[in-house]
Amino acid sequence: MANQRVLKFLIRLMLPVFALGGFGGVWGLTLAGSNSRGVGTSSWSEDRHYRASIVTAFGSSGCGRLDSAFVLVERRTLFFKTGEFTPFCLDGSSGQIALRWHGSTTLEVQCSNCNQDYRYAGLNWGNLRFVYDLDRP
């Protein structure tokens with residue numbers, strides 16, 4: 001009899017925890033299924049302090065169209081992301097964008113046949129410097 005009371009008490013105590021855990025699992029699967037971004041290529045700076053990625057976004061007006069590609073730069077310290085910055089955005093295919101590191105603090109963004117369908121940040125980000133080679137044939 002005492003064992004049943006203890007068991008009932010534990011079930012009543014843990015029921016909200018299990019319910020919240022189940023709800024969180026279902027919500028997480030729903031959000032994972034609706035991911036609208038795809039990471040193309042990524043490259044690290046020489047000191048592995050910055051990572052630059054070419055990302056394709058669908059269903060969001062990034063640069064102006066519903067399908068856009070952009071460069072996303074993440075700053076990392078040890079295993080922790082300490083910031084991110086978007087220096088370049090393109091209305092078009094991510095295949096037109098190429099990234100090249102010059103040392104640890106200069107990222108070159110190249111774009112071939114981009115016409116005028118892009119936007120770029122005309123500033124640097126902390127110690128990181130951006131160089132652009134745009135509208136190449």
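The values are calculated or read from the model by the stated rules, or taken from the named source; none is laboratory data. In this text the structure is predicted, and so the values were computed from the model without any measurement. Cβ coordinates were reconstructed from backbone atoms using ideal geometry, including for glycine residues, and neighbour counts include every protein chain displayed. Surface accessibility is based on the protein's heavy atoms, side chains included, excluding ligands, DNA and RNA. Shrake-Rupley method; radii C 1.70, N 1.55, O 1.52, S 1.80 Å.
So, Gly24, is that one out of contact with any Pro (no Cβ under 7 Å at 6 or more places or on another chain), at pLDDT 70 or above and not β-branched (Val, Ile, Thr) or not?
It is false that Gly24 is out of contact with any Pro (no Cβ under 7 Å at 6 or more places or on another chain), at pLDDT 70 or above and not β-branched (Val, Ile, Thr).
If the condition is being open to solvent by 60 Å² or more (accessible area, probe 1.4 Å) and either within 18 Å of Gln110 (Cα to Cα) or at pLDDT 60 or above (or both), then segment 28-40 contributes only Val39. Restricting attention to segment 66-93 and to residues that are open to solvent by 40 Å² or more (accessible area, probe 1.4 Å) and not in a strand (DSSP E or B), the residue that is nearest to Gly126 (Cα to Cα) turns out to be Leu78.
Checked against the criterion of being modelled with pLDDT of 90 or more and in contact with a helix residue (DSSP H, G or I) (Cβ under 9 Å, 6 or more places away or on another chain), segment 41-61 has at least one qualifying residue. For segment 105-132, the set of residues classified as part of a loop (DSSP other than H, G, I, E, B) and open to solvent by less than 30 Å² (accessible area, probe 1.4 Å) consists of Cys114, Ala121, listed by residue number.
Name every residue in segment 43-59 that is polar (S, T, N, Q) and either in contact (Cβ under 8 Å) with a residue 40 or more places away in the chain or more than 16 Å from Thr105 (Cα to Cα) (or both), in order of residue number.
Residues satisfying the conditions are Ser43, Ser45, Thr56.
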